[in-house]
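Just so it is clear, none of the values below were taken in a lab; they were calculated from the coordinates. In this text the structure is predicted, and so the values were computed from the model without any measurement. Methodologically, a virtual Cβ is constructed for each residue, glycine included, from the backbone with ideal geometry; neighbour enumeration extends over all protein chains shown.
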Amino acid sequence: MSKPASLYGVRVSPVVDVQEIPVPACPVCGSETARPRFEIEGMESRIVVCPRCGLGRFAPAPTAEQVRSYYPDEYYGSTGRKFEGVVESLVRIIAARQGRFLSRGLPGGGRVLDVGCGRGVLLRAFADRGYDVHGTEVSAAAAQGADPRATIHITSRLEDAALPGASFDQVVLWHVFEHLPDPRATVKEIHRLLKPGGKAVIAVPNFSSWQARWTGAGWFHLDPPRHLFQYPAETLRRLLEDNGFRCSSEHHFSLRQNPFGWVQSVLNRFSSLPRNGLYVLLHRSGSAEKPFTRPLRWLFRAAFLFGMPVAVVMSVIAATSRQGATVTVIATRLPTVGD
């Protein structure tokens, strides 16, 4: 697998009329065959789909060194800010709302771990509510600008952080789980870290959603090559329940993720436009350089302005039907012998 020429602009195309191929065992159901679904520009690997559980993944899988190369420092933004001013402010407002939602039922002063905490936007929201906050990240550059109240552990794998067992009331993976190369090992480590009755909160793009199915190769949340796995909601629940958890609730609406996903995914359907161009435009926080021509910038901004209200309505309808473009599963850690 070679590194794509640009971070977000790599083209994706559907694979048609391809038979199942042999692959390493699926980490969810163990199937050793899969059907190729998408080809990625400049990459020998394809996104394949498990015929038994619907999990999407790369075949062949990238090496650890290749995965690290997909996250240059600019991926995280500068000085803790990732987007243009207004959008960045909205991201932080929504994160505060997420913090209120995710803290329901947590004991006062409880310990929260945010795996792949990035700039610590969610950790700030938890800290503001009085919780003892911890985070893990693979890169020190990724954690720049994180709230000083948070304890950040720089580590390539959650298991390597050597955190004490049964020490957290909640572990959050907010749009991080799809980036991790060994989902089953990660779930087992989360189980070890949580106190009995503690909560795991995992939010991922929903590979079985209307948005994913209707926009196909244009789906914004495919995000190759960084999203190593594509999880249907049912498959994520199965993985958790097979490894010591009881899934207590499932949520299909994200104001931060779902409406924008509709707008960008529809734009991606037009091959004449740069893939993920709107996201690239909004992502260039603090840079005097502007990507694309002026007419193209106006087109993207108009699509954002007029498309977002429609996308919000579509996202609400999809969420009501449990078909949201993202899914958040909240699972309770079941007791085991020795607890």
Förster radius 30 Å - calculated FRET efficiency between Val316 and Ser272 (Cβ-Cβ, nearest 0.05): 0.50
Arg294 to Arg149: extension gain in nm, 0.36 nm per residue of separation minus the Cα-Cα distance? 48.0 nm
Counting every Cα pair in region 12-69, what percent are over 17 Å apart? 37 percent
Find the percent of Cα-Cα distances in region 155-249 that exceed 20 Å, and round it to a whole number. 38 percent
So how strong a dipole does region 12-69 carry about its Cα centre when Lys and Arg Cβ are +1 and Asp and Glu Cβ are -1, to the nearest 20 debye? 220 debye
For the chain, set up a Gaussian network in which alpha carbons nearer than 10 Å are linked by springs, and say which option among Ala233, Ala200, Ala303 fluctuates the most. Ala303
Karplus 3J(HN,Hα) series, Hz, for region 15-25 with 6.51 cos²θ - 1.76 cosθ + 1.60 (x for Gly, Pro): 9, 10, 6, 10, 6, 4, 10, x, 9, x, 4
Given 37 °C and 0.692 mPa s, compute D for region 180-339 with the Stokes-Einstein relation, Rh being the Kirkwood radius over Cα pairs; round to the nearest whole µm²/s. 189 µm²/s
Kirkwood Rh (inverse of mean 1/r, distinct Cα pairs), the chain, angstrom: 20.6 Å
Which value at 222 nm does the chain reach when only helices count, each DSSP H run of 4 or more adding -39,500 (n - 2.57), with the total divided by all residues and rounded to the nearest 500 deg cm²/dmol? -9500 deg cm²/dmol
A chain fully extended from Val337 to Ser13 at 0.36 nm per residue, minus the present Cα-Cα distance, gains in nm 111.8 nm
If one builds a Gaussian network model of the chain from Cα atoms under 10 Å apart, the most fluctuating residue listed among Gly197, Gly324, Gly108 is Gly108
Theoretical gain in end-to-end length, Ile21 to Glu241 [0.36 nm per residue, Cα-Cα removed]: 76.4 nm
What list of ³J(HN,Hα) couplings, whole Hz, do you get for region 109-126 from phi and the Karplus terms 6.51, -1.76, 1.60, once you set θ to phi - 60° and write x for glycine and proline? x, x, 9, 10, 10, 9, 7, x, 6, x, 6, x, 4, 6, 4, 4, 5, 5
Report the one residue of Trp262, Asn276, Ser167 whose Cα lies farthest in the direction of the positive end of the charge dipole of the chain (charges on C-beta: Lys and Arg +1, Asp and Glu -1; origin at the Cα centre). Trp262
Determine the relative contact order of region 12-69: mean sequence separation of Cα pairs under 8 Å and six or more apart, normalised by residue count, in whole percent. 26 percent
